[in-house]
1. Of everything in region 15-72, what is among the aliphatic types (A, V, I, L, M), farther than 20 Å from residue 137 by Cα and free of Cβ contacts under 8 Å to residues at least 12 places away in the same chain? Give them in sequence order.
2. Here are some residues: 46, 98. Which one is closer than 17 Å to residue 153 by Cβ and in contact with a Lys or Arg (Cβ under 7 Å, 6 or more places away or on another chain)?
3. I need the full set of residues from region 97-116 which are buried (at least 20 other Cβ atoms within 10 Å of the Cβ) and either of a type in the set (Phe, Trp, Tyr) or assigned to a loop (DSSP other than H, G, I, E, B) (or both), in order please.
4. Would you check which residues across region 105-141 are of a type in the set (Val, Ile, Thr), more than 17 Å from residue 90 (Cβ to Cβ) and in contact (Cβ under 8 Å) with a residue 24 or more places away in the chain and list them?
5. Would you mind stating whether residue 120 is aliphatic (A, V, I, L, M) and either over 19 Å from residue 42 (Cα atoms) or out of contact with any Asp or Glu (no Cβ under 8 Å at 6 or more places or on another chain) (or both)?
6. Sort through 153, 127, 90 and tell me the only one that's at pLDDT 90 or above, surrounded by 15 or more Cβ atoms within 10 Å (Cβ to Cβ) and out of contact with any His (no Cβ under 9 Å at 6 or more places or on another chain).
7. Being loosely packed, with under 15 Cβ neighbours inside 10 Å, assigned to a helix (DSSP H, G or I), modelled with pLDDT of 90 or more and over 13 Å from the mean Cα position of the chain (by Cα) narrows it down to one of 63, 57, so name that one.
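The values are calculated or read from the model by the stated rules, or taken from the named source; none is laboratory data. What you see is a predicted model, and the numbers here were worked out from it, not measured in a lab. As a convention, Cβ positions derive from the backbone with ideal geometry for all residues, glycine included, and neighbour counts pool all protein chains shown.
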Amino acid sequence: MSARGGGAQGPRRTEHLRGRVEGAADALVPRRLRPYREQVLYLVGGGWNTLFGYLCFAALYYFLQASLPVAVILVLSYVISIANAYVCYRYIVFRSRGSVLRELPRFTSVYLVALAANLVVLPLALRTLPFNAYVIQALFTVAVVVLSYLGHRFFSFRHRQGNAAERETSPQDPAAGER
């Protein structure tokens with residue numbers, strides 16, 4: 001088997017990389033805020049995901065508005081943004097080791113609720129408010145950040161809390177003793 005092929009080395013390499021990513025993320029959290037590590041990293045990750053999602057929508061809207069309805073552009077931007085957000089929240093914020101097959105549908109459903117609301121609010125707001133799509137979407141995004149944290153914390157990654165004690169004592173987690 002090749003060195004890239006996996007074997008026993010693959011999981012060790014993945015855990016090593018995961019530990020480095022978690023350590024780098026932890027370095028973003030000031031010492032006095034460490035008891036709130038998850039919330040601070042969610043705000044940082046949420047800020048990134050919000051910026052990424054908004055820029056994704058803005059770019060798609062700019063390039064595709066002449067040929068696609070705003071609802072289609074919105075759906076496309078959500079698909080791209082959900083993939084980005086899942087990776088960020090799974091590995092950096094919530095540090096889940098749960099099944100992707102179980103988490104990803106839950107994670108996606110949190111955003112599908114937001115998307116459904118957005119599909120109703122955006123067209124109505126465009127017709128009734130004196131704002132353009134960029135402003136309306138920016139305002140809607142703020143609400144999504146707060147509500148999605150609650151959805152992910154208590155639904156998408158809810159099994160993670162049961163694993164917290166296990167992670168604290170895990171020899172594979174080099175940062176466990178620092179928390």
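1. Across region 15-72, the qualifying residues are 17, 24, 27, 33.
2. 98
3. Once the filter is applied, which keeps residues that are buried (at least 20 other Cβ atoms within 10 Å of the Cβ) and either of a type in the set (Phe, Trp, Tyr) or assigned to a loop (DSSP other than H, G, I, E, B) (or both), region 97-116 yields 107, 111.
4. Answer for region 105-141, where residues must be of a type in the set (Val, Ile, Thr), more than 17 Å from residue 90 (Cβ to Cβ) and in contact (Cβ under 8 Å) with a residue 24 or more places away in the chain: 113, 141.
5. The answer is yes for residue 120.
6. Result of the check over 153, 127, 90: 90.
7. 63
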